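All remarks here apply to the structure that follows.
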Amino acid sequence: MLPADRPPDMKELAARAYALIPALRARAAETEKRRSLPDETIAALHDSELFRLFQPARYGGVEAPFRAFIEIGAALGRGCGSTSWV
């Protein structure tokens with residue numbers, strides 16, 4: 001995790017999303033069967049700070065631009081479309 005005073009940039013966030021693809025792909029069938037994200041996926045998204053993508057910076061979020069929604073969502077969708085939707 002990064003220091004609180006420096007949020008990750010788009011390049012870092014994209015790299016984190018792409019790094020999750022193999023694990024998301026491995027859990028995709030389970031995710032579909034459960035109709036919810038497995039705890040491991042939730043933890044990975046938290047650890048990668050992707051849940052903070054649109055959180056305002058003043059509250060410790062990334063405050064990413066809208067294009068991040070498309071780019072990061074597309075990257076996550078390569079592993080699991082349901083996870084990307086969330």
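A few notes on this one:
- Within the shell defined by Cβ-Cβ distances under 10 Å, the residues around Gly79 carry a net charge of +3, with Lys and Arg each +1 and Asp and Glu each -1.
- Taking only the Cα atoms of the chain, the ratio Rg/Rh comes out at 0.97, with Rh defined as the Kirkwood radius.
- Apolar share of the accessible surface for the chain: 57 percent from carbon plus sulfur atoms, 1.4 Å probe.
- For the chain, the longest principal axis of the C-alpha atoms and the axis of helix 66-77 are separated by about 30°.
- Rounded tilt (10° steps) of 10-34 against the dominant C-alpha axis of the chain: 30
- Computed over protein heavy atoms with a 1.4 Å probe, the accessible surface of the chain works out to 66 Å² per residue.
- Magnitude of the charge dipole for the chain, about its Cα centre and with charges confined to Cβ atoms of Lys, Arg (+1) and Asp, Glu (-1), is about 240 debye.
- Computed [θ] at 222 nm, deg cm²/dmol, the chain (DSSP H ≥ 4; -39,500 (n - 2.57); rounded to nearest 500): -18500 deg cm²/dmol
- Comparing Arg67, Arg52, Arg16 in a Gaussian network model of the chain where C-alpha atoms under 10 Å apart are linked, the largest mean-square fluctuation is found at Arg67.
The values are calculated or read from the model by the stated rules, or taken from the named source; none is laboratory data. Quick caveat, the model's predicted, so the values are computed rather than measured. Positions of Cβ are generated from backbone atoms using ideal geometry, with glycine treated the same way; all protein chains shown enter the neighbour counts. Just so you know, the surface numbers come from the protein's heavy atoms only, side chains and all, with ligands and any DNA or RNA stripped out. Shrake-Rupley method; radii C 1.70, N 1.55, O 1.52, S 1.80 Å.
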